[in-house]
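First the structure, in the form of structure tokens, and then the observations on it.
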Amino acid sequence: MIVKETFLKGCFVITPKVFADERGYFFESFNKNKFEQLTGTSVNFIQDNQSKSSRGVLRGLHFQKGEFAQAKLVRVIKGKVLDVCVDIRKKSPTYGKHFSIILDGVENKQLFVPRGFAHGFLVLEDNTIFSYKCDNIYNKESEGGIIYNDDSLSIDWGFPKEELILSEKDIKLPKFNKLK
């Protein structure tokens, strides 16, 4: 696997080594020892989540606060997304900066999103299956979010606004400057 740190400290793009032949392909989607050796990050994933979405669905930007903060290893099994993470660590030199990447079921790249980041994704193909590992349990009282189109973040979703599909909850998320 190839691991490259983004300009956001602790946030990594991971490209697996894929073995393909006439039968199909095989790759190791996660190896704790290799991950920790290549990133210098110790992680203990305790939960896997998966969603299926239609083109235009935007989920996020979400995070968990306090003792329930979560690191995530995200990937696309089928389809394509624009994946976005925002550094919300107040003492970080990249506080308020974001990183985005196209993740798909062809290249099989993954993104490691550390604790202290908001995360979201825009689905670019119908029937996209998105999967992620978490290192902490979900806690409803600790959830937080940022509205996807906050001007101060300048995220280019590269998609017609009128075609976006958001949950009622995500439409009502606060602006970045309202984070506590």
### Whole-number D in µm² s⁻¹ for the stretch 69-133, Kirkwood Cα-pair radius fed into Stokes-Einstein, 25 °C, 0.890 mPa s
203
### Task
Sum -39500 (n - 2.57) across every DSSP H segment of at least 4 residues in the chain, then divide by the residue count to get the 222 nm mean residue ellipticity, nearest 500.
-1500 deg cm²/dmol
### Query
Which pairs, out of Lys34/Lys109; Lys65/Lys97; Lys17/Lys78; Lys17/Lys97; Lys17/Lys133, put more than 24 Å between their alpha-carbon atoms?
Lys17/Lys97
### Task
Go ahead and run the numbers for FRET between Phe26 and Ile171, Cβ-Cβ distance against an R0 of 30 Å, rounding to 0.05.
0.15
### Query
How large is the charge dipole for the chain, taken about the Cα centre, if only the Cβ atoms of Lys, Arg (+1) and Asp, Glu (-1) carry charge, to the nearest 20 debye?
580
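Readers should treat all values here as calculations from the given coordinates under stated rules, not as data from a laboratory. Since the structure is predicted, the reported quantities are computational estimates derived from the model, not experimental observations. Note that each Cβ is placed from the backbone with ideal geometry, even for glycine, and that neighbours are counted across all protein chains shown.
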